[in-house]
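Visitor: I have a structure I would like to understand better, so I am pasting it below and will then ask my questions one at a time.
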Amino acid sequence: MTDNGLVITTEKDFAQVEVACFDGCQDCTAQSLCIGNNQNQGRLSVKNPIHALPGDKVKIQIPEDRYNQALILLFGGLLAALFIGMGGGYLAASLFSLSPPLASFTGLALGLIIGGLSLSRIFRKKNKRQLYPVIVDIIKKGERYGPA
């Protein structure tokens with residue numbers, strides 16, 4: 001999905017871009033990144049690889065396909081971790097003569113914790129760079145204002 005916006009501030013490789021909110025905002029995958037999405041204007045933190053300046057009107061691209069892939073990875077990974085943990089706990093119960101329900105529940109909890117920590121590392125490192133909206137073009141150069 002692409003949208004137009006106005007660069008408000010810049011900081012290193014990121015910019016705050018003001019976009020107009022409309023009916024499609026409720027279905028936008030970047031809604032969680034948008035500040036003020038219940039108003040007429042929303043602000044997005046976006047990657048700024050082309051070094052747009054405050055006042056520039058820009059085109060931003062929101063990577064919806066990557067959001068969907070990330071959600072599938074997140075929920076699929078957690079579900080797999082739950083089943084593996086529960087199966088591991090049940091197996092441990094039969095090997096060590098433990099109570100199967102208690103061992104399965106303990107394995108399920110450990111699987112969820114280990115899976116959650118692993119997925120959080122993946123999202124922090126790999127997906128943080130890929131999930132931000134990106135400025136892809138400067139439509140109109142504006143007068144520079146505010147802090148750069």
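Visitor: If I model a spin label at residue 137 and residue 71 as a point 7 Å from the Cα along the Cα→Cβ vector, what separation in nanometres do I get?
Guide: Distance between the two pseudo-spin positions: 2.8 nm.
Visitor: Suppose the chain between residue 18 and residue 109 were pulled fully straight at 0.36 nm per residue; how much longer would it get relative to their current alpha carbon spacing? Display every interim value, and only then the final one.
Guide: Working: separation 91, 0.36 × 91 = 32.76 nm, distance 4.23 nm.
Gain on extension, residue 18 to residue 109, equals 28.5 nm.
Visitor: Assuming R0 = 35 Å, can you tell me the calculated FRET efficiency for the pair residue 121 and residue 91, based on Cβ-Cβ distance, to the nearest 0.05?
Guide: Computed FRET efficiency for residue 121 and residue 91: 0.85.
Visitor: Select from 91, 130, 103 the residue farthest towards the positive end of the dipole of region 69-145; place +1 on Cβ of Lys and Arg, -1 on Cβ of Asp and Glu, and compute about the Cα centre.
Guide: Checking the options against the dipole of region 69-145, the answer is 130.
Visitor: Highest first, please rank the peptides 108-118, 56-66 by the mean number of other Cβ atoms sitting within 10 Å of their residues.
Guide: Listed from highest to lowest mean packing, they are 56-66, 108-118.
Laboratory data are not the source of any read-out in this text; all were calculated from the coordinates shown. Treat the numbers as computed from the prediction; the structure is a model and nothing was measured. Reconstructed Cβ throughout: ideal geometry from the backbone, glycine too, with neighbour counts over all protein chains shown.
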